[in-house]
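Here the structure is laid out as structure tokens; the discussion comes afterwards.
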Amino acid sequence: MKKNYAFNYLIFTVLILINGCCREKDCQPDIQPADLVNPLMGTDSEFSLSAGNTYPAIALPWGMNFWTPQTRGMNNGWIYAYDDYKIQGIKQTHQPSPWINDYASFSLMAYTGSIKFRGEDRASWFSHMSEIAKPYYYSVYLADYDITAEISPTDRSAILRFTFPHNDSSYIIIDAFDMGSMVKIIPEERKVIGYCRNNHGGVPSNFHNYFVAVFDSDFSSSHTWNGNTLNINTSDAEGDHVGAVLGFKTSRDEKINVRISSSFISPEQAALNLSREIAGKDLETVSEEARKTWNDKLNRIKIEGGTPDQQRTFYSCLYRTLLFPRKFYEINQQNEIVHYSPYNGEVLPGYMFTDNGFWDTFRSLFPFLTLMYPELNSQIMEGLANTYRESGWLPEWASPGHRDCMIGSNSVSLIADSWLKGIRGYDIQTLYEAVLKNTEGVGPVRSVGRYGAEYYNDLGYVPYDASINENVARTLEYAYADFCISRLAEELDRPQEEISKFRQRAMNYKNVFDPGRKLMRGRNIDGSFQSPFSPYKWGDAFTEGNSWHYTWSVFQDISGLIDLMGGSDYFVAKLDSVFEVPPVFDYSYYGIVIHEIREMQIMDMGNYAHGNQPVQHMIYLYNYAGQPWKTQYHARNVMNKLYNYLPDGYCGDEDNGQTSAWYVFSAMGFYPVTPGTDEYVFGSPMFKKVTIQFENGKNLVVEAPENSPENIYVGDIRLNGRPLRENYIRHDQLQGGGKLLFVMQDEPDRQRGIEKESFPFSMSLAR
């Protein structure tokens, strides 16, 4: 199938150009950020090669329910693949990642002719040329049936509209999927109620997603199915996999609307969600309200300059940063915030968020929310406190409850960063109690708490020969988490002994540094280093990376790492070598070439693997060694080379907004290398002007008037007219507003940012 990505978005480029050429106000089309977003960015992906592993999420920011066209079977993690050519339905989804898969999903599909309810049987050919994908609206032409399907979302509801041909055998089905489902058709109310229970883990035994669908046309017939059996003229079905078939006699261009909502709490709450969010509204109203919501959020960062493609890439990435974590709370009849607990199965008061892997998102997604959306961040923190109360542990990969995926103890990074940056409104004492518990053992699954804590707390590292996988990665991430605990403990005025304990543990990264190889390396219980050792071996002692990638995971003390390597010159040479060595790899630990390896191999950037998280901050580390111009070069190169707004627009998994947040931060000209401090490290801004609107009412204008494809280097930085000699800017300086000026040029300035006083935070350089 020929990939003609650009064709679908030509109209937007044209509109942008028209907008730039028009001199009269009336000539300018109403192009807003939401219209520049391409939800199909990253969808040209598969198991063996990820260009994002995304699906078009038709949703509100952080909405409880997302919707997406479904091109593959109900349990396939690749819900929508750009190269597919048939659509099976419009699916309610909660999937954060194809690797984690989905839960609480069901779908609707329209067709004509004989009754077809199996996914492959009812699927229709479609073309991207007759598909419109916006964050707030989706439309597709179902060619086999001459039907146009449309949808627009709210937080917990949606309205679908199907435009039919003339046909006496027109149908809309509701597929409640497998693993336990129920439907009940109520013809006199033009209504279908039901539930679905599908999941891939992380749910209590009483888990249900209750839904209600209200149609605006009478049914000419109604049937159900159970498994592979169609039950004619029935109204109820319950079993492993059931669904409803609603018949209509339609005239040409007749439109049938379906207003649908769901709840994790009860059928009554689903009906309440519908009445509050969507009752009485038509699709145009819902779509425009959703568009306004998206523009309100996206317009918090206004960009000027750059190419139309760069603008589309920026807002497409920004859209992805505003999807996860997902709301998992609802508002009851008494207007109280409540949630169904995916940890203990009870309905409880307060906030809850889910669908996030903190191993990915602690790096830049959550620092972005902390900077730009502190009110939301406060709610998320309260949700974390509720998770601890309900499960006894902090989450590390939640979907919707605890999932055994990835490593680390990274929830403390979110908590410390939030509190240290002045965000309040949640129970920090409960969270601190939870943080301490996390350090002592492992939770209900190995990703929760600290797997190998008994070794780490005794030896100062997780041994290579203790039958604990990814041991070096765990050691490095636990040490960074301990740094965050020490910072939080200081702020909470905890006993000095406690503060000192975690501050000392933050230096445990030194225990897995091999001074001979100048790389991180597995260490045995007896203190010897693993042998044999290859820095090119993925996995084993590391997580989805190798020693070349994880050696830099010392967020808290880059200066200390520089000292271990023998000084700045060697450190810089080592950084350079990551880009210079060929993309050699050893996949023996996995037995197959995992997609992360392949993505590194094909990008022509040596052993730099931007498509996976452990090395994404590495580019910014030149600022710690007196050569910030190399950060500027590489940051701009990665933005230009590895990101675009098309279906192949990422160089690996997008991962719940993390990879997108890297781009958004980098395009603004700074990046949070060390969450838990108040510093953002400078890079090379992408645009001539960025206006950032903070929740405190202050605006920061980031200007780089000389910016161009050639002028990628920074000659000077000024904040409100005052020169900044530092290679970083503080959180309060950003949120104080004003003007941040970058003087851009085509040659490196080898005199700026070279003194130690200019370097960002490191524990070994405590200021």
- Estimated inter-spin distance, Leu348 and Asp576, nm [label 7 Å along Cα→Cβ]: 5.5 nm
- Message: Please give the charge dipole size of the range 55-298, origin at the Cα centre, charges +1 on K and R Cβ atoms and -1 on D and E Cβ atoms. Round to the nearest 20 debye.
- Response: 260 debye
- Extension length gain for Asp563 and Glu188 (0.36 nm per residue less Cα distance), in nm, is 127.4 nm
- Query: Tell me, Kirkwood radius of the range 547-682 from alpha-carbon pair distances, in Å?
  - Reply: 15.5 Å
- Order of Ser97, Ser181 - criterion: other Cβ atoms within 10 Å of each residue's Cβ, fewest first: Ser97, Ser181
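Mind giving me the FRET efficiency for Ile331 and Ser169? R0 is 30 Å, r the Cβ-Cβ distance, nearest 0.05 is fine.
Given R0 = 30 Å and the Cβ-Cβ separation, E is 0.15.
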- Item | Tensor-based shape of the range 236-381 (alpha-carbon gyration tensor, a/c under 1.5 rounded, otherwise prolate or oblate) | oblate
- Starting from the Cα of Lys184, draw a straight line to each of the lysines and keep only those under 25 Å, dropping any in the same chain fewer than 8 residues away. Lys91, Lys116, Lys249, Lys255, Lys281
- Query: Given labels modelled 7 Å from the Cα in the Cβ direction, how far is it in nm from Ala766 to Glu46?
  - Reply: 5.4 nm
- Message: Using 0.36 nm times the number of residues separating Arg730 and Glu706, minus their current alpha carbon distance, what extension gain do you get?
- Response: 6.2 nm
- Note on the structure: Of the residues Tyr340, Ser170, Thr154, the Cα lying farthest along the dipole of the chain towards its positive end, which is defined by charges on the beta carbon of Lys, Arg, Asp and Glu, belongs to Thr154
- Task: List the equivalent ellipsoid semi-axes of the range 465-536 in whole Å, largest first, each obtained as the square root of 5λ for an eigenvalue λ of the Cα gyration tensor.
- Result: 29, 11, 10
- Message: Can you give me the long-range amide H partners of Gly545? Hydrogens built in the peptide plane at 1.01 Å from N, cutoff under 5 Å, separation of 5 or more residues or another chain.
- Response: Gly539
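As an exercise, take the mean of 1/r over every pair of distinct alpha carbons in the chain, invert it, and state the Kirkwood radius in angstroms. Can you show the working numbers first?
On the way: mean 1/r = 0.0371 Å⁻¹.
Taking every pair of different Cα atoms in the chain, averaging 1/r and inverting gives 27.0 Å.
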- Low-density loop positions, chymotrypsin sites (Phe, Trp or Tyr not before Pro), the range 34-111 - DSSP coil, at most 13 other Cβ in 10 Å: Phe47
- Message: Run the paramagnetic zone check for Leu230: 7 angstrom along Cα to Cβ, then residues of the range 88-118 with backbone nitrogen under 11 Å.
- Response: 113-118
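For the range 55-298, compute Rh as the Kirkwood radius over C-alpha pairs and then the Stokes-Einstein diffusion coefficient at 25 °C and 0.890 mPa s; write the answer in µm²/s, rounded to an integer.
Answer from the Stokes-Einstein relation: 139 µm²/s.
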- Residue-wise, which Karplus ³J(HN,Hα) couplings in Hz belong to the range 243-249, taking 6.51 cos²θ - 1.76 cosθ + 1.60, θ = phi - 60°, and x for glycine or proline? x, 10, 10, 10, x, 9, 9
- Query: Mind checking the dipole of the chain: about its Cα centre, +1 per Lys or Arg Cβ, -1 per Asp or Glu Cβ, Debye to the nearest 20?
  - Reply: 880 debye
- Hey, fewest Cβ within 10 Å first, where do Cys651, Cys405 land in order? Cys405, Cys651
- Message: Taking R0 as 22 Å, what FRET efficiency do you get between Glu284 and Arg118 from their Cβ-Cβ distance, rounded to the nearest 0.05?
- Response: 0.10
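Please find the FRET efficiency linking Met129 to Asp296, where r is the Cβ-Cβ separation and R0 is fixed at 30 Å, and quote it to the nearest 0.05.
0.45
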- Work out the charge dipole of the chain with +1 on the Cβ of Lys and Arg and -1 on the Cβ of Asp and Glu about the Cα centre, then indicate which of Leu642, Tyr145, Leu459 is farthest towards its positive end. Leu642
- Label-point separation, Asn257 to Asp216 (7 Å along Cα→Cβ), nm: 0.3 nm
- Message: Straight-line reach from Lys437: which aspartates and glutamates fall under 14 Å, measuring Cα to Cα and dropping same-chain residues less than 8 apart?
- Response: Glu396, Glu454, Asp482, Glu498
- Among Met109, Met74, which comes first, second and so on when ranked by fewest other beta-carbon atoms within 10 Å? Met74, Met109
- Query: Among the helices of the chain (complete DSSP H runs), which have Cα atoms covering no less than 27 Å along the helix axis and a Kyte-Doolittle mean of at least -0.5?
  - Reply: 471-491
- Once the in-chain neighbours fewer than 8 apart are removed, the lysines whose Cα is under 28 Å from Lys574 read Lys510, Lys518, Lys537, Lys630, Lys641, Lys756
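Bear in mind these aren't lab numbers, they're just calculated from the coordinates by the rules spelled out. Since we're looking at a predicted model, the values are computed, not measured. Positions of Cβ are backbone-derived with ideal geometry, glycine not excepted, and every protein chain shown enters the neighbour counts.
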